[in-house]
Each structure stands twice: as structure tokens, then as C-alpha cells.
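Novice: Attaching a single structure in C-alpha cells format; questions to follow.
The values are calculated or read from the model by the stated rules, or taken from the named source; none is laboratory data. Owing to the predicted nature of the structure, the values given are computational and were not obtained by experimental measurement. Please note: Cβ atoms are built from the backbone with ideal geometry, for glycine as well, and neighbour counts cover all protein chains shown.
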Amino acid sequence: MRTEGFSYREIARDGDARRGVFTTPRAVVQTPVFMPVGTLATVKSQSPDEIEATGARLILANTYHLWLRPGAEIVDAMGGVQKFQSWPHAVLTDSGGFQVFSLADLRTIDDEGVSFKSHLDGRPLRLTPEESMRIQALLGSDVAMAFDECPPGGAERPIIEKALRRTSAWARRCLLSPWREGQARFGIVQGATHVDLRLSHLDEIAGMEAGGREFDGIALGGFSVGEPIPEMYRALSEITPKMPTDKPRYLMGVGTPYDLLHAIGCGIDLFDCVLPTRNARNAQALTWSGRVNMKQARHKRDESPIDRECDCPVCARHSRAYLHHLIRAEEMLGARLLTQHNLWFYGALTRRAREKIEAGGYHAWAAEAAAKMREGDE
Ligand code: GUN
Ligand code: ZN
């Protein structure tokens, strides 16, 4: 059985690329789409109105962070993670394991779960599939992710195989955990860049049924963790077309504009990544002509916008000279405006991709757009 109120419908195809509509009780999400990262129930520096204006309808939050601060019980008492931050659309929560592996100290993993120390105050904590599902139910996100083990990039095959067995056992326990009404659950496929391992794990996760439930969407985890980019692209080309067609396909933690263009061409529907928001705070603007470092002195007297092809409110109003000045003076408005532009760019990139898939010219357009960006990258 699938979760009531959630559905995915494919409305156009262009080769392996697909254009669809993911409907949830709180949002109608046009795919392919990018989900801005709002780890702590805030997309850093942006207001809900600003996020909405970029076209986003589904944003991400993190179980691990919200569990530590302010606490899942508080978010629940405040009406859930959407109402708490006054976000009028949908929220997806990652399950916590991946963040524990990248942030927390002194982790030990066993078949039951993960023990670690809080990155905030060092207190000992433990996450299990059941605990992650309980916390995500309290947070009240629209989509909860299964609790998985993502092996480090470059791990040996036996280590990856062990993580796959554990991730499958944990996925089953996630399906068996008490379900919150109106909350969907997505399963996660691991296997690094080993296509054979990926395909057999995909079979397992996509075909999994426990307690009368199945996953409402399928995610690919464990990409963009240090493997060579051509290997990631090759694996995505072989795996994505074999994913179920009647559920959303989510590529976790990816990626650059190039990664999105490639993965959309393979048939991915959902993306999230800190790149547009984090890089904005490091003075990097993403444009249709490549990456621009706004710190560079050449912008000092430049009256032009960040990107002439961008129709965002920042490019409509502000010059490169002004943004350069704000960044050099470490004024917080600089990071805010660059974040808004970068999220707008990701929104525009996926909107244009959707139009091209519908019109039937996606692949030629994507190759051309990527070539133009690469030429201008600094
Ligand atoms: N975010 C990016 N990659 C991953 C992954 O492999 N697992 C989870 N849970 N989240 C991710
Ligand atoms: Zn702009």
C-alpha cells in the first residue's frame, strides 16, 4: 500500500528524461525540480516568500539537526516543521544517518543503529531506524527518508556490500515503524558506483513490502561522496532508467548545474544540494555563462547584473559593483542577495529543463547549456 494523498504522474518524456507532477497533500511539485536545503528549518538567509518566488514547493530539512535543536517535541508542539517556519508548501526530511556520518564525533555503527556524540555539546546519542522514523513523524515532514548507511567514498566492495545488507534490513524496519498519517516514506538505494550492486539493491528497495506498506518514492544515496564525476555519470546513466516509472526518483545531495543537466537526462526527478546556498556565502554566483567569483576586483566598477540572462529580483535591481562591495565589506546583505540569485538560477535551470523535455529537445539543449557554462567557469 502507498501513502494516501501522494502520487507521481509522468506527463512527458524525451529519451530517458522525464517531466512529471509529484502531488502531496501540501504541494503540487512540477518535476524535475531542485529542493533548496533548509537544514535547521531555514534556508539560510532566505524568507519563505523569497524561497517560494524561486519556484520551490518542496524544501529539505534535517532530522539530526532539528532533533538536537530545538528538539522534535518542540517542532511537533509548534504544529510541525512547515507551520513552525511558516512555509506554505511541503518539506522533506533526511533521516539523520548521513549527517551523523559527516558531522558527529566517535561514531560506532552496528546492526541495530548508530551511536555517536552530539557535534554541539558532545553528549552521547543513538539513532536507529525506529528512532529516526519516530523523530520524523514528530517533525511532521511531508516526506520522511529511510534510515540508511552511506559508506565512505572509495570504500572497498566488501564494505559496500555490508552497508547494502544493513541498509536493506533498516529499510524494512522503517516500513514497519508506526506511520504518521499524511507522511510519505522514500527508500534509499546505495552501492557507490558498482552498477551490479546498485541494480540488485534497487530491486530490493523498489520491491520491498513490509507491514502492508511500500516506499512512495525511491532515492539514490551515496553519490557525490568523492568518486570521479565520470563514474557517477556512467552509473546514473545505467541505473536511473531502471528505476520505477510510477514513483518519484530522488538523487540525494547532488549537485552542480552540470550534474543536474546530466541526471535529468537520465530520468531523475528530485535533487537537493547545499551548493547554491553554501557557495553564495563564499561569494560564488552561478550563471548561464558559468561560475563567477564576485570577490574579484574586476567587478568593482561593473554596472551590469550578475547574469544578463537571469530574471531574478537581484539581477533586475543590483549591479555587480554593488554586490562586490557588499561582499568585500562582509555585509550580510551580500550573502543574502547571492543566495537568492543562486536559488533562482537552480529554479530557472529546472524550469527550462521541464520546458525542453515537453518540447522534445532536452538533450541537445542540455549539452549546449553545459558547454556554455564550462566556457565561462572561473
Ligand atoms: N544525502 C546525500 N547523500 C545521502 C545518502 O547517501 N543518504 C542520506 N540519508 N542522505 C544523503
Ligand atoms: Zn539573478
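Novice: May I ask you to say which residue of THR339, THR350 is under 25 Å from GLU52 (Cα atoms) and touching a Phe, Trp or Tyr at 6+ places or on another chain (Cβ under 6 Å)?
Specialist: One residue alone meets the criteria, THR350.
Novice: Name the single residue, out of those in region 222-243 being touching a Leu at 6+ places or on another chain (Cβ under 9 Å) and part of a loop (DSSP other than H, G, I, E, B), that is nearest to ILE11 (Cα to Cα).
Specialist: MET243
Novice: What do you reckon, is GLY182 part of a strand (DSSP E or B), under 28 Å from GLN85 (Cβ atoms) and either aliphatic (A, V, I, L, M) or more than 16 Å from ligand 2 (Cβ to nearest atom) (or both)?
Specialist: no
Novice: Another question about this same structure. Return the pairs, sorted by first residue and then second, in which the second residue is basic (Lys, Arg) and more than 16 Å from ligand 2 (Cβ to nearest atom), the first residue lies in region 99-128 and is closer than 17 Å to GLY71 by Cβ and at pLDDT 90 or above, the beta carbons are less than 6 Å apart, and the residues are 6+ apart or on different chains.
Specialist: Once the first residue is closer than 17 Å to GLY71 by Cβ and at pLDDT 90 or above and sits in region 99-128, its partners that are basic (Lys, Arg) and more than 16 Å from ligand 2 (Cβ to nearest atom) give PRO124/LYS117.
Novice: Across region 84-93, which residue is farthest from ligand 2 (Cβ to nearest atom) among those that are of a type outside the set (Ser, Thr, Tyr) and touching a helix residue (DSSP H, G or I) at 6+ places or on another chain (Cβ under 6 Å)?
Specialist: PHE84
Novice: Which members of region 222-249 meet the condition of being in contact with a Phe, Trp or Tyr (Cβ under 9 Å, 6 or more places away or on another chain) and either free of Cβ contacts under 8 Å to residues at least 24 places away in the same chain or among the aliphatic types (A, V, I, L, M) (or both)?
Specialist: ILE229, MET232, ALA235, LEU236 - these are the residues of region 222-249 that are in contact with a Phe, Trp or Tyr (Cβ under 9 Å, 6 or more places away or on another chain) and either free of Cβ contacts under 8 Å to residues at least 24 places away in the same chain or among the aliphatic types (A, V, I, L, M) (or both).
Novice: Could you check region 206-234 and list, in sequence order, the residues that are touching a helix residue (DSSP H, G or I) at 6+ places or on another chain (Cβ under 8 Å) and under 19 Å from GLU149 (Cα atoms)?
Specialist: MET208, PHE215, ILE218, LEU220, GLY221, PHE223, SER224, MET232
Novice: Please state which one of ARG352, ARG278, ARG298 is closer than 24 Å to GLN30 by Cβ, away from ligand 2 (no atom under 11 Å from the Cβ), among the basic types (Lys, Arg) and in a helix (DSSP H, G or I). Give the steps one after another, and end with the answer.
Specialist: Working: ARG278 fails: closer than 24 Å to GLN30 by Cβ; ARG298 fails: closer than 24 Å to GLN30 by Cβ.
Among ARG352, ARG278, ARG298, only ARG352 is closer than 24 Å to GLN30 by Cβ, away from ligand 2 (no atom under 11 Å from the Cβ), among the basic types (Lys, Arg) and in a helix (DSSP H, G or I).
Novice: Does SER102 meet the test of being more than 26 Å from TRP179 (Cβ to Cβ), outside any loop (DSSP other than H, G, I, E, B) and small (Gly, Ala, Ser)?
Specialist: Yes: the conditions hold for SER102.
Novice: Across region 200-226, what is the number of residues that are within 24 Å of CYS273 (Cα to Cα) and out of contact with any Gly (no Cβ under 6 Å at 6 or more places or on another chain)? Outline the logic, then answer.
Specialist: Residues of region 200-226 that are within 24 Å of CYS273 (Cα to Cα), as a first pass: 201-202, 205-206, 215-226.
Within this subset, residues satisfying the condition of being out of contact with any Gly (no Cβ under 6 Å at 6 or more places or on another chain) are 202, 206, 216-217, 219-223.
Final tally of qualifying residues: 9.
Novice: Go through ALA219, ALA192, ALA155, ALA144 for me and flag whichever is part of a loop (DSSP other than H, G, I, E, B) and buried (at least 24 other Cβ atoms within 10 Å of the Cβ).
Specialist: Answer to the selection: ALA192.
Novice: Right, another one. For ARG234, only one of the following conditions fails: (1) within 22 Å of LEU197 (Cα to Cα); (2) crowded, with 19+ Cβ neighbours inside 10 Å. What is its number?
Specialist: (2)
Here's the yes/no breakdown for (1) within 16 Å of ligand 2 (Cβ to nearest atom); (2) closer than 26 Å to ASN279 by Cα; (3) among the hydroxyl-bearing types (Ser, Thr, Tyr); (4) in a helix (DSSP H, G or I):
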position	(1), (2), (3), (4)
ASP49	no, yes, no, yes
ALA61	no, yes, no, no
GLN82	no, yes, no, yes
GLN136	no, no, no, yes
